[in-house]
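Enquirer: Take a look at this one; I'll ask things after.
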Amino acid sequence: MSMINDFIEQQLAVWPEVRERYLALGKTERRRFRIGDLEGAFQYNPARRVSTAAATDPASVAARPCFLCAKNRPKEQMAIPLNADWEMLVNPYPIFPVHFTVISTAHRPQDAPPLEMAGMADHFPELCFFFNGARGGASAPDHLHLQAVLQSELPLLRIAEENHPADKPGIMRSDMWGLDLPFLFLSALITDDEEGGRDYLRMLALTGGDADGNPDKGLRNVFCWKGADGLLRMIVVPRQKARPSCYGEGAGRMLVSPGAIDMTGVVILPRREDFDAITPGKMREIYAEM
């Protein structure tokens, strides 16, 4: 944690615009909600409009330079190399006070969660590393990347730890727990034995799907972290849509575009009118549609 905090302080010292966004998090407005057994919060965060409203269709992506490639980043943006293939950056549009983007040094598509997630989670036990599929909330589907935040910020992780006991390694479906949850997800305990390794690969191979049941590996959110019991844990949320039908501007519309963090119970709303209007009932509908 000392290295993490030092890196954030060093970055914010040389990037005033981003420092202001992190300072603004201290005034972030939140409204707590409960949807069955999921306790979460709506968070008003105007700076996240850049990500929530990002154009991710192939034509729009092809028409812009990749903002994750080193040559196109702002000169103020610092990076810590994790190894030859990955580097960690302070996220310039934060949701939490500790928020990183973890970027592949090679420009390659956001097509599958990387195996390296496990090693990162083991090395940084305070953090949860997560992957937005190319059509599951990623604002840069053209460049492989992860994000990382303090695992204590994400309510869904606590549900998995409380209901997937350490003496049951392997994969469990959330509907096995007898809870009232607004969507299905898969939980895994990854052990060091050969079977645990196979479970890990199975989790990464799981696909989402569209409304017609056609598989789409871009439609999923994947989380990896080290639990309080010291065991490596994963969650996969299979999805069937990139954005809800209510997404957009105008009457009856909302700028709500759930990515991984939203699916854990922290719902980001960049417009004041949406933050004021959204209800737990409406969010349950959005979760179910996703």
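Where a number appears in this text, it was derived from the coordinates with a stated rule and is not lab data. Note that the structure is predicted; figures quoted are calculated from it, not measured. Here the Cβ positions follow ideal geometry from the backbone for every residue, glycine too, while neighbour counts run over all protein chains shown.
Enquirer: Between M254 and residues 5 or more places away or on another chain, which pairs have amide H atoms under 5 Å apart, with H built 1.01 Å from N, and which residues are they?
Expert: Y247, G248
Enquirer: Continuing with this model, one more query. Of [x] 16.9; [y] 15.1; [z] 17.8, which is the value of mean projected area of the Cα convex hull in nm² derived from the coordinates here?
Expert: [y]
Enquirer: On a 23 Å Cα-Cα criterion, which of the cross-link pairs K217/K241; K71/K226; K241/K282 come out too long?
Expert: Cα-Cα > 23 Å for K71/K226; rest within.
Enquirer: Between R253 and T191, how many nm apart are label points set 7 Å from Cα along the C-beta direction?
Expert: 5.1 nm
Enquirer: Shifting gears a bit: Could you pull out every residue, at least 5 positions away or on a different chain, whose amide H is within less than 5 Å of the one on A41? Hs are placed 1.01 Å off N in the peptide plane, and Pro or chain starts have none.
Expert: Those lying under 5 Å, H to H, from A41 are F33, V266, V267.
Enquirer: Report the longest stretch of the chain that contains none of the trypsin sites (Lys or Arg not before Pro) sitting in a DSSP loop with at most 16 other Cβ atoms within 10 Å.
Expert: Working: sites that count: K75, R253.
My reading of the result: 76-252 is the longest stretch.
Enquirer: Given contacts defined as C-alpha pairs under 8 Å and at least six residues apart, what's the relative contact order of the chain, whole-number percent?
Expert: Numbers: 547 pairs, mean separation 61.9, N = 290.
Relative contact order, the chain: 21 percent.
Enquirer: Near the amide H of G136, under 5 Å away, which other amide H atoms are found, from residues 5 or more places off or on another chain, if H is placed in the peptide plane?
Expert: For G136, the qualifying residues are R220.
Enquirer: Would you kindly derive the ³J(HN,Hα) couplings of the range 255-268 from the backbone phi angles with the Karplus curve 6.51 cos²θ - 1.76 cosθ + 1.60 (θ = phi - 60°), listing them in order in whole Hz, with x for Gly and Pro?
Expert: Here the 3J(HN,Hα) series is 8, 10, 9, x, x, 4, 4, 4, 6, 8, x, 10, 9, 8 Hz.
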